[in-house]
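**Q** Structure in C-alpha cells, see below.
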Amino acid sequence: MITSKICAARQVLLRGASMAVLFAASTAAAQTMPPAQEEAAEPIQGEIVVTAQRRSENLQSVPISIQAIGSDALADRGIHSPQDLAQFTPNVSITAPAGAGSQPSVTIRGIGLNDFNTNNSGPNGIYNDEFYISSPIAQGSGFFDLERIEVLKGPQGTLYGRNTSGGAVNLISAKPTDSFTARAHAEYGSYDTVNVEGALGGPIGSTLSGRIAAVYNYSDGYTKNFFRDRNENGTNNYAIRAQLLWTPTDDLSILLKEQFTRSKTRAAMYKFYGTLDPLTGARCSVADVYAMQCVDLFGYGGRPGFYEGDYNRNEKSTLTDSQTTLRIDYRLGSIDLVSLTGYDNAKRFQAEDTDSSAVRSLEIDYTTRSEEFTQELRAGQTESNYNWVAGAYFLSEVLTQDQPLSLLLDLDDLLGPGGADGVANIQSTLNRQKTKSFALFGQGEVEVADGLRLIAGARYTWDKKRFASTSFDNFQMGGKDNFGPPTNVSTVDNSLSEEKFNWRLGANYRFSPDLMAYVNFSTGYKGGGFNGGFLSSDPGLRELQLQAFKPETVTAYEAGFKSSLFDRAVTFNLAAFYNDYRNQQVQVLVPSPIPGEPSFFALDNAKKSRVYGIDADLTIRPTSELTLMGQLGLLNSRLKEFVSGRDPTQPDYSGNKLAQAPSTSLTLSADWRKPLGDNELTLHWDSNYRSTMFFDPSNNPYTAQPSYWLHNARISFSLKDGRYELGAFARNLTKKKYLVWNADLSDPFGVLTAIVGTPRIFGVDFNYKY
C-alpha cells in the first residue's frame, strides 16, 4: 500500500516536473522568435498583484497554485456570491445547502465538508481581508466592492489560519486612497432581479482617508409555489462597509473596517422528487424519479416543472452579520510589523419546509448565533535574495444552536384521527460550542544560487473545543398537533484538546524572467469536533452520533510551472498535485432503526483517502483587443479506506469518489475590446463545464448530478474613457437545468430534496467610475 502510494505520487509529480523542464527548453527558443502579431509587441495587460504569501507579489511569481479574479472580471462575469465564483474556478465547487447566499460549502480539489450543520467549519478557509471567518453562517458576506478574489488551491497549513487542509478563498476589498474615487453599478434582470452597488472614497484630511461601499440585492425568485401562488428562492439583502485609513507617518498605517450584512428571504425551497412507486410503494428507478413518475409517503407526486413546487410552509430565512477589523502596519527599519484584530457577530434564523411538499412530513427551524474574535501578530522582511514572515494567531468562538425538527405532523390525515399518536414528534436539539485556538507560524525563502530559491515553513497549532448538547422528544398524544411532555431527554458535555505540527518545504527555479518552475511538499490539518445535527431517539445510535470525530490531516505534493511569453501575450501555468489524507471528515447519512424516524446526517472519519490531478490555465492575447482564456481542472479522487463507524450497519464506502469532486472542470472565455475614439465596445463570452459529480460519499446514483455546460455572455459600450458604461447580459444562455445540492430522504419520507441551479437570466446594467 505504501509503495503504491509513493509510486502514484511520484508519477504525478514527475509528469509535472517533466512538463516544466520540457516547457522551459521550448520556451527559451520560442521567445527568440518574433511575435506573430505586431500588436503583441507591447505589454497588453498589467501585472496582477496578490498577497497569497502575506506580502505583495506578482501572481506569476508566487510558487503555489492560485487563481486571482480582478474587479473587472468579477463584473464581466456577474460574480455576486460564492456560488457564482465556483463557475469560473476549475477544481472548485461551491454549493449552498441552506439556500443561495447563505452558508457556502466550498470544495477545492475534491476536499470539502458537505455539512449543513453550523457548528463545523469546512477544510477550506474563507478570509475577508485576511480575517478568517470561522462561522459558516457568516462566510457568504462581503461579496461587493472587491479589488479581487484569490483562490489558493491545496493545503495552506503554514501561513494561513485554522482549517485550510484543502485550500483558502481570500476576498480583498477595495481600500481607501489619497485621491477621490467613486463607482456605481446597477443591473436589472429576469425575475425582477436587482443588484445596486456603490462606493465612494478619498482623502478626509492630510493623513486620513476613507471609503464607504454598499450593495443591495433583490429577486422575486425563479421557483413557482402553486400552494401559496407566489415565487420562491428569491433574494433580499443589503450590506454596507466603511473603512478609515490613518497614515500619520510614512512607516505607520492604521485601517479600521466595519461591515454589516442583513438578509431576509424565503430561500432554500427545495425541488421535490418522489421516490416511491404510486401502486406498489417500492423504490422507483432513477429515471422514473426524475421523470416525476413517483410519490412520497403521503402519495404526493410533486409538480412536473423544474422550477415548480407546492410549499405549504410560510418559510423565511433571516441573517444579520456584523464584522469589525483593525489592521495596524508599522515599518521598523527593514522589518514589517502587522497586527490584525477581527470580530464577527452573526445570527441566522431559518424556518424550512424540508419535505418540499404540501404536507407536513418534515419541517426544521434553525436558530444559530456565533461570536468570533481573532488576533494575529506577525513580522516580516522582504529583500532581493530572501524574505521571511513569522507570527502568532489566536481565535475564540462561541456558537449556539436551537434546532427543533418536526416529524410527520400530518400523519393523522393518512392514518385517521389519533393514528399518529406516539409517532408524530417534535425533536429539539440545543447546542453550545466554545472553541479556542492558538498557533505559532513562520516561513522563509532564500536564494541559494542564481535563480534557485528554497522555502521552509512551519506552524504549531493548539486547539480546544467544548460541546454541550441537550436533546429531547415531544411525541403527539391525544390527536393532531397535541404533544406530550419531553421524553428521551439527553444531556452531554464533551470536550477535546489537540495540537499539531505542520510544515512546508519547497523550491523554485527561475529559468528566465518569464518562466519559473516549482515543487512543494507540505502538510495540513483540520481540527476535530462534534456532530451538531439532529440526534436519533435510539440510545445506541445517539451514542455513536455524539462521539467526537478526529482531526483531518493531509500530506501534499505539488510540482508546476508559471510562464509568460511574448511580452505577456501568452501566459501558461500548470500544476500537478497529489494529496494523501488521513481521517478525512466526511458527512454520511445514517438510517434510524426506529420506525418513522428519519435518517440522520453525521460527520465521520474516512481512514484513508487521496486526490490527484492537474490545474492548468492558458491566456492568449493575439492582439491588443482580444483576450482568450482557458482553465482546466482534472481530478481523480477516492475514498481508499472508509467503513463508516457512525452507522451500526457499517457500510463500506471504500473505492468511492469524494463528494462534489467532478473529474473534469473547464472554463473557456473570450473578451474583445474595440476602441472607438474615447469610447469602447466590449464583448464577453464564457463557457463552463462540470463532469458528473456526487453529493455524498455513498455515490448514490439517485442524487448524482450529470455533466453539464453553462454559457454566459455580455456586451457593453463605455463612454469617455470608461467613465460610463452600458451593458446587456445573459446568464445560463441555453437554459440548462441542473442541481447544485441533493439529499436522499427516501427513508421514511420517500423524497429527494434538491436545490436547483439558476435558470436563464437576461438583463441590463450600468456602471460609473470616477
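The values are calculated or read from the model by the stated rules, or taken from the named source; none is laboratory data. The model shown is predicted, which means the values in this text are computed figures rather than measured ones. Neighbour counts are summed over all protein chains in view; Cβ atoms, including those assigned to glycine, are modelled from backbone coordinates with ideal geometry.
**Q** Inspect region 730-748 for any residue being surrounded by 15 or more Cβ atoms within 10 Å (Cβ to Cβ) and in contact with a helix residue (DSSP H, G or I) (Cβ under 6 Å, 6 or more places away or on another chain) and give the result as yes or no.
**A** Yes, some residue in region 730-748 is surrounded by 15 or more Cβ atoms within 10 Å (Cβ to Cβ) and in contact with a helix residue (DSSP H, G or I) (Cβ under 6 Å, 6 or more places away or on another chain).
**Q** Can Leu399 be described as at pLDDT 95 or above and buried (at least 16 other Cβ atoms within 10 Å of the Cβ)?
**A** It is true that Leu399 is at pLDDT 95 or above and buried (at least 16 other Cβ atoms within 10 Å of the Cβ).
**Q** Got at least one residue in region 547-555 being closer than 29 Å to Glu447 by Cα, of a type in the set (Val, Ile, Thr) and more than 21 Å from the chain's Cα centre (by Cα)?
**A** Residues of region 547-555 that are closer than 29 Å to Glu447 by Cα, as a first pass: 554-555.
From the residues that got through so far, the ones that are of a type in the set (Val, Ile, Thr) too are 554-555.
Next, only the ones that are more than 21 Å from the chain's Cα centre (by Cα) stay: 555.
Yes.
**Q** Identify, from the list Asp220, Asp250, Asp277, Asp296, the residue that is exposed (fewer than 15 other Cβ atoms within 10 Å of the Cβ) and either touching a strand residue (DSSP E or B) at 6+ places or on another chain (Cβ under 8 Å) or among the acidic types (Asp, Glu) (or both).
**A** Numbers: Asp220 fails: exposed (fewer than 15 other Cβ atoms within 10 Å of the Cβ); Asp277 fails: exposed (fewer than 15 other Cβ atoms within 10 Å of the Cβ); Asp296 fails: exposed (fewer than 15 other Cβ atoms within 10 Å of the Cβ).
Just one listed residue meets the conditions, Asp250.
**Q** Among the candidates Ser665, Ser644, single out the residue that is surrounded by 21 or more Cβ atoms within 10 Å (Cβ to Cβ), modelled with pLDDT under 95 and touching a Pro at 6+ places or on another chain (Cβ under 9 Å).
**A** Working: Ser665 fails: modelled with pLDDT under 95.
Just a single option satisfies the conditions, and that option is Ser644.
**Q** Sticking with this one: When both residues are 6+ apart or on different chains and their Cβ atoms are under 6 Å apart, which pairs have a first residue that lies in region 581-602 and is surrounded by fewer than 17 Cβ atoms within 10 Å (Cβ to Cβ), and a second that is of a type in the set (D, E, K, R)?
**A** Between residues of region 581-602 that are surrounded by fewer than 17 Cβ atoms within 10 Å (Cβ to Cβ) and residues that are of a type in the set (D, E, K, R), the close pairs are Pro593/Asp538; Ile594/Asp538.
**Q** Just checking, which of Thr367, Thr374, Thr400 is among the β-branched types (Val, Ile, Thr), assigned to a strand (DSSP E or B) and touching a Leu at 6+ places or on another chain (Cβ under 7 Å)? Break it down into steps so the answer makes sense when it comes.
**A** Values: Thr367 fails: touching a Leu at 6+ places or on another chain (Cβ under 7 Å); Thr400 fails: touching a Leu at 6+ places or on another chain (Cβ under 7 Å).
Result of the check over Thr367, Thr374, Thr400: Thr374.
**Q** Could you check region 113-128 and list, in sequence order, the residues that are modelled with pLDDT of 90 or more and surrounded by 23 or more Cβ atoms within 10 Å (Cβ to Cβ)?
**A** First, the residues of region 113-128 that are modelled with pLDDT of 90 or more: 123-128.
Answer for region 113-128, where residues must be modelled with pLDDT of 90 or more and surrounded by 23 or more Cβ atoms within 10 Å (Cβ to Cβ): Pro123, Asn124, Gly125, Ile126, Asn128.
**Q** Moving to a separate point now. Please enumerate the residues belonging to region 160-184 that are farther than 30 Å from Ala556 by Cα, among the β-branched types (Val, Ile, Thr) and in a strand (DSSP E or B).
**A** The answer is Thr181, and nothing else.
**Q** Let me ask something else. Keeping to region 510-552, report how many residues are of a type in the set (A, V, I, L, M, F, W, C), surrounded by fewer than 18 Cβ atoms within 10 Å (Cβ to Cβ) and farther than 24 Å from Asn120 by Cα.
**A** Pass one, region 510-552, residues of a type in the set (A, V, I, L, M, F, W, C): 511, 515-517, 519, 521, 530, 534-535, 541, 544, 546, 548-549.
Of the ones still in play, those that are also surrounded by fewer than 18 Cβ atoms within 10 Å (Cβ to Cβ) are 521, 546, 548.
Applying the additional criterion that residues be farther than 24 Å from Asn120 by Cα yields 521.
The number of residues fulfilling the criteria is 1.
**Q** Another question about this same structure. Could you tell me how many of the residues in region 466-497 are charged (D, E, K, R), part of a strand (DSSP E or B) and buried (at least 17 other Cβ atoms within 10 Å of the Cβ)?
**A** Filtering region 466-497 for residues charged (D, E, K, R) gives 466, 473, 480-481, 493.
From what's left, part of a strand (DSSP E or B): 466, 473, 493.
Remaining after also requiring buried (at least 17 other Cβ atoms within 10 Å of the Cβ): 473.
Adding up the residues that qualify gives 1.
**Q** Within region 244-257, is even one residue of a type in the set (A, V, I, L, M, F, W, C), in contact with a Cys (Cβ under 7 Å, 6 or more places away or on another chain) and more than 23 Å from Thr95 (Cα to Cα)? First the steps, then the outcome.
**A** Narrowing region 244-257 to residues of a type in the set (A, V, I, L, M, F, W, C): 244-246, 252, 254-256.
Next, from what is left, pick out any that are in contact with a Cys (Cβ under 7 Å, 6 or more places away or on another chain): none.
No, region 244-257 contains no residue that is of a type in the set (A, V, I, L, M, F, W, C), in contact with a Cys (Cβ under 7 Å, 6 or more places away or on another chain) and more than 23 Å from Thr95 (Cα to Cα).
**Q** Restricting the search to region 681-721, which residues are in contact with a Phe, Trp or Tyr (Cβ under 9 Å, 6 or more places away or on another chain), under 22 Å from Leu634 (Cα atoms) and of a type in the set (Phe, Trp, Tyr)?
**A** Once the filter is applied, which keeps residues that are in contact with a Phe, Trp or Tyr (Cβ under 9 Å, 6 or more places away or on another chain), under 22 Å from Leu634 (Cα atoms) and of a type in the set (Phe, Trp, Tyr), region 681-721 yields Tyr689, Phe695, Tyr708, Trp709.
**Q** In region 731-770, how many are assigned to a strand (DSSP E or B), in contact with a Lys or Arg (Cβ under 6 Å, 6 or more places away or on another chain) and either modelled with pLDDT of 95 or more or of a type in the set (A, V, I, L, M) (or both)?
**A** If we filter region 731-770 for residues that are assigned to a strand (DSSP E or B), which is where we start, we get 731, 739-744, 751-756, 761-769.
Filter again for in contact with a Lys or Arg (Cβ under 6 Å, 6 or more places away or on another chain), leaving 754, 756, 761, 769.
Checking which are either modelled with pLDDT of 95 or more or of a type in the set (A, V, I, L, M) (or both) leaves us with 754, 756, 761.
Count: 3.
**Q** From the list Arg610, Arg646, Arg582, which one is under 24 Å from Asp115 (Cα atoms), part of a loop (DSSP other than H, G, I, E, B) and either charged (D, E, K, R) or over 26 Å from the mean Cα position of the chain (by Cα) (or both)? Give the derivation first.
**A** Numbers: Arg610 fails: part of a loop (DSSP other than H, G, I, E, B); Arg582 fails: part of a loop (DSSP other than H, G, I, E, B).
Sole residue among the options that is under 24 Å from Asp115 (Cα atoms), part of a loop (DSSP other than H, G, I, E, B) and either charged (D, E, K, R) or over 26 Å from the mean Cα position of the chain (by Cα) (or both): Arg646.
**Q** Could you say whether any residue in region 519-536 is more than 33 Å from the chain's Cα centre (by Cα), modelled with pLDDT of 90 or more and of a type in the set (A, V, I, L, M, F, W, C)? Please lay out each step first, then the result.
**A** Of all residues in region 519-536, those more than 33 Å from the chain's Cα centre (by Cα) come to none.
Looking for residues that are more than 33 Å from the chain's Cα centre (by Cα), modelled with pLDDT of 90 or more and of a type in the set (A, V, I, L, M, F, W, C), one finds none in region 519-536, hence no.
**Q** Moving on to the next point. Could you list, in sequence order, all residues of region 222-244 that are over 18 Å from Leu171 (Cβ atoms) and in contact with a Lys or Arg (Cβ under 7 Å, 6 or more places away or on another chain)?
**A** Once the filter is applied, which keeps residues that are over 18 Å from Leu171 (Cβ atoms) and in contact with a Lys or Arg (Cβ under 7 Å, 6 or more places away or on another chain), region 222-244 yields Phe226, Asn231, Glu232, Gly234, Asn236.
**Q** Working only within region 721-730, note down all residues that are modelled with pLDDT under 90 and out of contact with any Asp or Glu (no Cβ under 6 Å at 6 or more places or on another chain). Reasoning before the result, please.
**A** The first filter runs over region 721-730 and keeps only residues modelled with pLDDT under 90, leaving 721-722.
Passing the criteria: only Gly722.
**Q** Follow-up. Mind checking which residues of region 689-717 are buried (at least 17 other Cβ atoms within 10 Å of the Cβ), over 20 Å from the mean Cα position of the chain (by Cα) and either without any contact (Cβ under 8 Å) to a residue 12 or more places away in the chain or assigned to a loop (DSSP other than H, G, I, E, B) (or both)?
**A** Ser698, Asn699, Asn700
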